[in-house]
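Here the structure comes first, spelled out in structure tokens, and everything after it is commentary.
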Amino acid sequence: MTETLRVGIVGAGGIAQAVHIPNYQKCGDKVNIVAIADVDLERAKDVAKRYDIPHAYATVDEMLGAQELDAVSICTPNKFHAASAIAALQAGCHVLCEKPPAMTVAEAEAMASAADKANKYLSYGFHYRHTQDVEALKRFIDAGELGDIYAATAIAMRRRGIPGWGVFTNKELQGGGPLIDIGVHMLDTALYLMGYPEPDSVFGATYQKLGTKPGVGLLGAWDYENFTVEDMARGFIRFKNGATLVLEAAFAANVEQRDEMNVKLMGDLGGANVFPLTIYQEKHGSLVDVKPAYLPDKPAYELEVERFVDACLGGAAPISTPEQGVKLQRIINGLYASAESGEAVKL
């Protein structure tokens, strides 16, 4: 077992620079970021220089061929997740891949298969699982405080939050818009807290009402002339255990709040809103609301990377698994297929 994790970064964009690189570096002597790869070699070199990374490459294959790495972070547009992750796994590396898993179910399945064959970890960047609200609620759920969770709502809504940068509005590179970008975070959070039940069927609808014209941009001016994704998606998911989940996700919608990310759960012994955490119960002849007086405030991204590193060094396995990634991808792609056909999709 290695004592220092030799890490490579694939993709030199915003998520690599804001999340992965600085949080690996916070791990101190546990991690050595050896190399970074990006199709824009000059950007890779610039990021490498800025963060004191010794090697920069134009492709993941060049990086894997030149360096002996223990782990790789995938920080590319969604279209390139599968190929990069599979290459890294086949080279004997653990992989932390940004969400969503991939563009298609087949890609997510191939990634899971590659991880299994390599006997390496494949974990996904669902950092909301590492928030203190989610961790606290998970302890309550595991203790039976909510009972049988039979209904949930996942919300990822922005009033006018279409990204004015990156490739978030490019369907060819991302696979979709708010559903696969921010909606996937709250969907994963809900599924995680529900015990990742097996989906049975989905019904979805997508809308493109605001993104294809100019407007007030709270995240900068977006390229409305080349806006190829949905600006809102809504879905209904039924699970094989009888539970149901309603999902709403939007980059732009005429709603009150500037930004809302939340999960609401209903069980037969209690319910909860996750952000901020409030638990609703009936106890001792009273209806009570339970709110934590204190939760630690360590950043979720930092915990996500720290725990991935510890797992690779022999600690507890990551809480995000390839099998969950496949299940999540099946739901996302099912919702898009349903929206296109106008019919419910059996999964």
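Structure notes:
- Degrees separating the helix 105-118 axis from the principal Cα axis of the chain, which is the longest one: 60
- Shown for the chain: the carbon plus sulfur share of the solvent-accessible area, taken with all protein chains present and a 1.4 angstrom probe, equals 50%.
- Whether the range 150-258 is rounded, prolate or oblate, judged on the alpha carbon gyration tensor where a/c under 1.5 counts as rounded: prolate
- Listed peptides 197-209, 181-193, 6-18, 105-117 appear in the order 181-193, 6-18, 105-117, 197-209 once ranked by packing, highest mean of other Cβ atoms within 10 Å at the front.
- Of Lys138/Lys264; Lys171/Lys209; Lys138/Lys291; Lys26/Lys264; Lys99/Lys171, those spanning more than 21 Å from alpha-carbon to alpha-carbon: Lys26/Lys264
- Per-residue ³J(HN,Hα) for the range 234-242, Karplus 6.51 cos²θ - 1.76 cosθ + 1.60, θ = phi - 60°, Hz, x for Gly and Pro: 9, x, 10, 10, 10, 9, 5, 8, x
- With the biggest extent put first, the Cα atoms of the range 1-70 measure 32, 26, 17 Å across the principal axes.
- The chymotrypsin sites (Phe, Trp or Tyr not before Pro) found in the range 238-347 that occupy coil by DSSP, while having at most 11 further C-beta atoms within 10 Å, are Tyr294.
- Scaled against the 2.2 N^0.38 Å expected of a compact globular protein of N residues, the Cα radius of gyration of the range 135-193 reads 1.49.
- Placing unit charges on the Cβ atoms of the charged side chains and taking the dipole of the range 226-276 about its Cα centre, the candidate lying farthest along the positive direction among Gly270, Phe251, Phe227 is Gly270.
- Placing dummy labels 7 Å off each Cα toward the beta-carbon, the span from Arg50 to Lys209 is 3.8 nm.
- nm² value of the averaged projected area, convex hull over the Cα atoms of the chain: 18.2
- All distinct Cα pairs of the range 24-172 go into the 1/r average, and the inverse of that average, the Kirkwood radius, is 17.9 Å.
- Degrees between helix 132-142 axis and first principal axis of the chain (Cα, 0 to 90, nearest 10): 60
- When the convex hull of its Cα atoms is viewed from all sides, the range 55-141 shows a mean projected area of 6.9 nm².
- A simple count of charges around Ala252, restricted to other residues whose Cβ falls under 15 Å of its Cβ and scoring Lys, Arg +1 and Asp, Glu -1, yields -1.
- Base-10 log of normalised Debye intensity for the range 197-257 (one unit scatterer per alpha-carbon) at q = 0.14, 0.20, 0.28 Å⁻¹: -0.52, -0.78, -1.15
- Per-residue HN-Hα couplings for the range 52-61 [Karplus 6.51, -1.76, 1.60; θ = phi - 60°; Hz; x = Gly/Pro]: 6, 9, x, 10, 10, 9, 8, 9, 5, 5
- Separation of alpha-carbon centers, the range 329-347 and the range 130-166, rounded to whole Å: 22
- Per-residue [θ]222 nm for the chain (sum of -39500 (n - 2.57) over DSSP H runs n ≥ 4, rounded to 500): -9000 deg cm²/dmol
- Residues whose placed amide H lies under 5 Å from that of Thr278, excluding near-sequence neighbours: Asn273
The values are calculated or read from the model by the stated rules, or taken from the named source; none is laboratory data. All values derive from a computational prediction rather than experimental measurement. With ideal geometry, Cβ positions are generated from the backbone for all residues, glycine too; neighbour counts draw on all protein chains shown. Ligands, DNA and RNA are stripped out before the accessible areas are found, and what is left, the full protein with its side chains, is counted by its heavy atoms. Shrake-Rupley method; radii C 1.70, N 1.55, O 1.52, S 1.80 Å.
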